[in-house]
There are 2 protein chains.
Amino acid sequence: MAGKDRYKFDSKIHVYRATRRMTQQELADLVGVSRQTIMQLERNRYNPSMLLAYSIAKVFDVTIEDLFDFKEEGKDA
Amino acid sequence: MAGKDRYKFDSKIHVYRATRRMTQQELADLVGVSRQTIMQLERNRYNPSMLLAYSIAKVFDVTIEDLFDFKEEGKDA
DNA sequence: ACAAAATGTAAAAAATATGTTATAATCGAG
DNA sequence: CTCGATTATAACATATTTTTTACATTTTGT
């Protein structure tokens, strides 16, 4: 997981989820993970596996880069 | 959580790496992981963290979706 | 063919993601 | 305000990624 990471990111999952009026549980079920995993992804922003990120992106028909806002460490939006 | 995944993927890292005449070790250093991590990603195809995938994609100036060939389980290319 | 560099394999340890469960906080509807 | 649904927090257990080390094999240059 690349210890001293050059990049960080913000999840936009909650935005897409809100747009579709979808609950955390529903998204979790669609993707096949627990609700807590979705929750922590939206909140604590930990680093998901690529497949998980991709699966969620697919639910909303967007790319991983659309779903997560990548930026370099130490820079703002 | 590689259990009942809906998606799988093939890495194209070795292709991009070959294009740039870059060694596994060089790429590993650029990204800040061990050579084995790169090696296993190219070979055994395990599921990297999203940040790692992104970091590698950035080295080659492509998107994650460019660097990895996603497909649904049970389907061919 | 030889040497050096690059790649592959393997196993165990370390780090981190994910699951599980339980409980609390929040928010909207009535 | 109260109820139910949704979301948040936390502790602990499990699964998976990533590192480390060491050695085998392949490739490349000369």
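Bear in mind these aren't lab numbers, they're just calculated from the coordinates by the rules spelled out. Since the model is a prediction, treat every value here as computed from it, not as a measurement. So basically every Cβ, Gly included, is an ideal-geometry build from the backbone, and we count neighbours across all protein chains shown.
Observations, loosely collected:
- Of the helices (runs of 4 or more DSSP H) that lie entirely inside the range A:19-77, those containing 1 or more residues that are under 12 Å from the mean Cα position of the chain (by Cα) and near DNA strand C (Cβ under 8 Å from one of its atoms) span A:24-31, A:35-42, A:50-59.
- Residue match in the range A:37-58 (condition: away from DNA strand D (no atom under 13 Å from the Cβ), out of contact with any Phe, Trp or Tyr (no Cβ under 8 Å at 6 or more places or on another chain), of a type in the set (Val, Ile, Thr) and closer than 26 Å to B:Thr37 by Cα): yes
- Selection within the range B:28-44 - within 11 Å of another protein chain (Cβ to nearest Cβ) and touching a strand residue (DSSP E or B) at 6+ places or on another chain (Cβ under 9 Å): B:Leu41
- Matching residues in the range B:1-36 - criterion: being polar (S, T, N, Q) and under 22 Å from B:Lys71 (Cα atoms): B:Ser11
- Residues of the range A:38-59 that are surrounded by 19 or more Cβ atoms within 10 Å (Cβ to Cβ) and of a type in the set (Ser, Thr, Tyr): A:Ser49, A:Tyr54, A:Ser55.
- Output for the range A:1-27, where each listed residue is near DNA strand D (Cβ under 9 Å from one of its atoms) and either of a type in the set (A, V, I, L, M) or under 28 Å from B:Val33 (Cα atoms) (or both): A:Met1, A:Ala2, A:Gly3, A:Ala18, A:Met22, A:Leu27
- The range A:1-16 - residue that is away from chain B (no Cβ under 14 Å) and touching a residue at least 12 places away in the same chain (Cβ under 8 Å) and, of those, surrounded by the most Cβ atoms within 10 Å (Cβ to Cβ): A:Tyr16
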